[in-house]
Structures are given as structure tokens and as C-alpha cells.
Amino acid sequence: MTEAATRHTPGTPCWTSLMVHSLAATQEFYHALFGWEFTPGPEHLGAYVRARIGDRPVAGLGELPPERHLPVAWTTYLASDDADETAERIRACGGTVAVGPLDAGEAGRMALASDPQGAAFGVWQAREHLGAEETGAPGSPVWHELMTRDSSAVGKFYDMVFGCHSEPWSGDGPGPAPEPGSDALTLRVAGRPVAAIHGVGGALPRDRGPHWRTYFAVADVDKAVRQVAELGGYVVLPPQDGAAGRTAAVTDPEGAAFALVGTDG
């Protein structure tokens, strides 16, 4: 029997979503890479589908209006018990609310925002849709990292807005370990590590700026990287071994960046 999904604690990354220019082509790419199947989702911002592994949702894909010629990027959503209250705290703490809060049908209430250093993220107040229900299986999101200029100031922002606790990086997560003494934090919710914050100063890509990055699990990182290239995507960082396993950084054919991490065994 499948275990019932549980509500995510506020401040926890609970969903990841991607708005693209060609929804059909993007579905084909991620179906081939991760084996995702798709079901319709709420269309409050246009055509939208939920990607599933079996009967469990893991991510969302939407289509931008034809007139919106925007770069595409995966958006990490953080859980909230009250999206309107969270939006007020975002503004009070120096962030910006770009969209919402607004209802996504009966699924929940959402907002799109950015932190004081400009990294975009989402806020999700769950109703019928609790967020990602699969963790650890190939094709599911397993970790989130914020790449920013300075970790301490932005860490305090997430602490104040979501009630998280940021502390010096403690080796959690699959990403490459930062150099000793470098600017890195672990974001914890109720004592549990849920994300990392890396301050990289001027090393941020000029075309991206501060941003959240999603790690998706795969059974074989090297094979998955080859598939990405064969399917029209790009390899940003080739496979490398780290303390938490083998990882790589890639983009899909529309340029949306994400990371791959190998599953145990």
C-alpha cells in the first residue's frame, strides 16, 4: 500500500516547476530522460502539467505565452501555511513579490518572489496538492541549492521569512563540497537539513545571477549526461565524484539548468 503524502513543514522545498516556450517538446525531453508521465494541472498561469513517477507527482511544467520571450529556469517552491502572511514577510525583509498570492484552483495558493539578492523562488500553501510526493527514486528532486553572492545576509532572510535556521555548512546534500572556510550554509527546518546556500561572489554566471538549483536523482549519472546531450540538452559540468556521490550539471534544450545526482547502489 502506498503511504499517504504528508504536508511539508513551512520553509521546506516542496515543489519545483518550470515554465517553457514549448511544453510538448519539453515533456518529450524529460519523459525520455527521467521516465516522467504527465497529468493536467491547474492552468491559472496557462497550460500546465504535473510530472509523475508512478502515481506520485514530482515536478510541474508550464507553457509561457507566445509573446513572453523569457529565459527559462526551474523554480524551487518553499512550503508555507499562509501564503499571504509569507508574502508580507518577504516584503518586510527586503524581498520582492512578483506574482500573487493567488489561488491555483483547489490545489493551493501560491506566490512568486525573489530574495534581497535577486534569486527567484515560489511560495506554496498546499490544499489538495501537497507538493512533491516522491523522494529518492530516479527522476525525483532530492536536493535544492541557492547560489548567491553572500550567504549570511540571504540566509537571515530565509530564517526570518520561513522560520528556518541557517548555520555553517555541515556536509549535507549532494553538491560539491565547498573549500574549507568558504561562504556556505546549510538551511535547516525543524533540525533537518533541507537546502544549501553557497555564496560565490563574482563567480555567479553573468546571464543568471543568484538562483536556486534543483538536483534530480538518476540511477547512472554518466549515462544520464550522455542522454541529455543526445536529447538536445547541454553539459555544463561533467560528472564528478563528491562526498555525497556522483553529480553533474546540465541544461535542457531550452536552457533550463539543473543538476543530476546518482542514487545509492
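The values are calculated or read from the model by the stated rules, or taken from the named source; none is laboratory data. What you see is a predicted model; the values in this text were computed from it and never measured. So basically every Cβ, Gly included, is an ideal-geometry build from the backbone, and we count neighbours across all protein chains shown. Ligands, DNA and RNA are excluded from the accessible area calculation, which covers all protein heavy atoms including side chains. Shrake-Rupley method; radii C 1.70, N 1.55, O 1.52, S 1.80 Å.
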List the pair-distance distribution P(r) of segment 7-128, using every Cα-Cα distance, as the percent of pairs falling in each 10 Å bin from 0 up to the bin containing the longest distance, rounded to whole percents.
13, 44, 33, 9, 0
Mind checking the full-extension length gain between VAL99 and ALA25? Use 0.36 nm per residue of separation minus the Cα-Cα distance, one decimal, nm.
24.0 nm
Add +1 for every Lys or Arg and -1 for every Asp or Glu among the other residues with Cβ under 13 Å from the Cβ of THR26, and state the total.
-4
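What FRET efficiency do you get for ARG226 and ARG192 if R0 is 51 Å and r is their Cβ-Cβ distance, rounded to the nearest 0.05? Walk me through the numbers before you get to the answer.
Details: r = 34 Å, r/R0 = 0.67.
Taking R0 as 51 Å, the efficiency between ARG226 and ARG192 is 0.90.
So between LEU70 and ARG91, what do we pick up on full extension, going 0.36 nm a residue minus the alpha carbon distance?
Fully extending the segment from LEU70 to ARG91 adds 5.1 nm.
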Here the Kirkwood hydrodynamic radius of segment 178-231, Cα-based and in Å, equals 14.2
In order over segment 146-160: 3J(HN,Hα) from phi, Karplus 6.51/-1.76/1.60, θ = phi - 60°, whole Hz, x for each Gly or Pro, gives 9, 9, 9, 7, 9, 6, 5, 5, 6, x, 5, 4, 5, 4, 6
Summing -39500 (n - 2.57) over every DSSP H run of at least 4 residues in the chain and dividing by its residue count gives a helix-only mean residue ellipticity at 222 nm, to the nearest 500 deg cm²/dmol, of -5000 deg cm²/dmol
For the chain, with every protein chain kept in place, what is the accessible area per residue (1.4 Å probe, Å²)?
45
Go through segment 26-133 and name the trypsin sites (Lys or Arg not before Pro) that are in a DSSP coil and have 16 or fewer other Cβ atoms within 10 Å of their Cβ.
ARG68, ARG127
Ignoring GluC sites (Glu not before Pro) that are buried or in helix or strand per DSSP, and keeping those with at most 11 other beta carbon atoms within 10 Å, what is the longest stretch of the chain between them?
129-265
Can you sort ASP82, ASP159, ASP207 by solvent-accessible area, 1.4 Å probe, largest first?
ASP207, ASP82, ASP159
So, with a 1.4 angstrom probe, what is the percent of accessible area on the chain that is carbon and sulfur?
52
Environment charge of GLU37, counting only residues whose C-beta is closer than 11 Å and scoring Lys/Arg +1, Asp/Glu -1:
+2
Zone of ASP55 (label point 7 Å along Cα→Cβ, backbone N under 15 Å): which residues in segment 131-162?
133-134
Neighbour cut-off at most 15 other Cβ (10 Å), DSSP loop, trypsin sites (Lys or Arg not before Pro), segment 190-236
ARG206, ARG208
Once ALA47 and THR9 are pulled to full extension, the length gained, defined as 0.36 nm per residue separation minus their Cα-Cα distance, is 10.8 nm
Summing Lys, Arg as +1 and Asp, Glu as -1, what charge do residues with Cβ under 14 Å from the Cβ of LEU70 carry, LEU70 excluded?
-2
Give me the percent of DSSP beta bridges within the chain that run antiparallel, rounded to the nearest 5.
75
